[in-house]
Structures are given as C-alpha cells and as structure tokens.
1. Using alpha-carbon pairs under 8 Å, 6+ residues apart, how would you state the relative contact order of the chain in percent?
2. In whole Å, how far is the Cα centre of the range 66-89 from that of the range 20-57?
3. Along each of the three principal axes of the Cα atoms of the chain, give the extent in whole Å, ordering the values from largest to smallest.
4. Out of ALA17, ALA85, ALA58, any idea which swings most in a Gaussian network model of the chain, alpha carbons joined below 10 Å?
5. For ARG30, what charge total do you get from the other residues with a beta carbon under 12 Å from its beta carbon, if Lys and Arg give +1 and Asp and Glu give -1?
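Just so you know, all these numbers are worked out from the coordinates, no wet-lab data involved. Remember, predicted model here, so these are calculated numbers, not experimental data. Note that we place each Cβ from the backbone using ideal geometry, even for glycine, and neighbour counts take in every protein chain shown.
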Amino acid sequence: MHYLCPSATLKEGHSRAFTLDGTQLFGVRRNGTVYLYRNSCPHRGISLNWDQDQFLDASGTLIQCAHHGAQFIIDSGECITGPCAGEWLEALGCQEDSQGVWLTE
C-alpha cells in the first residue's frame, strides 16, 4: 500500500491530484467515499485536469476532461459524453483509514 494524503485534505465534493513513482493519479470524494483513478483520458491518453487539483465539472458532480470536455461518472469512471463515450477511466484500489487515504495496488 502507498500512502497518499490525510483524509481531511480531500474534502467532500472535491478532487486532488497525486504523483506516485512517476504515475499521475487523482482522487475524488463523493458521498463520503474516495474514488481513485489514473489521470489519463481514454480518448487521447492525456491528463484530465484543468489545474493542479481541478478534475470536476462546474457542478462538481462529474469528472471532466479539460481538453475535449468528456464527462465521467465519479462512482464508476464511465464516460457518458464526449469522444470516448462508453469507455472508462482506469480505477485504482483505494482504502481509507484513520491515517488517511491509501493506494492499495
């Protein structure tokens, strides 16, 4: 397991970028659960974020690719609009405990 951050630094309805051993990933907290994905759009293989920790659309309810606007369901990583509709973000194993958020893979 790899430690990512204290739980308090990934607030409800927010996203956060991480780099671990050269791999870019990001987490989103929704309804108290942390979802962790590789930071790579299935359409072009490029980073999704608008800014350092900005992965969500204006409503904060979908992950959105900054480059071509594809939108993904936070809970599953499924693309529902854009050029990669029907494709999925690569989900990563995640665990949260009293110390914080962990990558389990």
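1. Working: 232 pairs, mean separation 28.8, N = 105.
Once divided by the residue count of the chain, the mean separation gives 27 percent.
2. So the separation of the two Cα centres works out to 12 Å.
3. 39, 28, 23
4. Fluctuation is largest for ALA58.
5. Numbers: positive: LYS11, ARG29; negative: GLU12, ASP75.
Within the 12 Å Cβ shell, the charges total 0.
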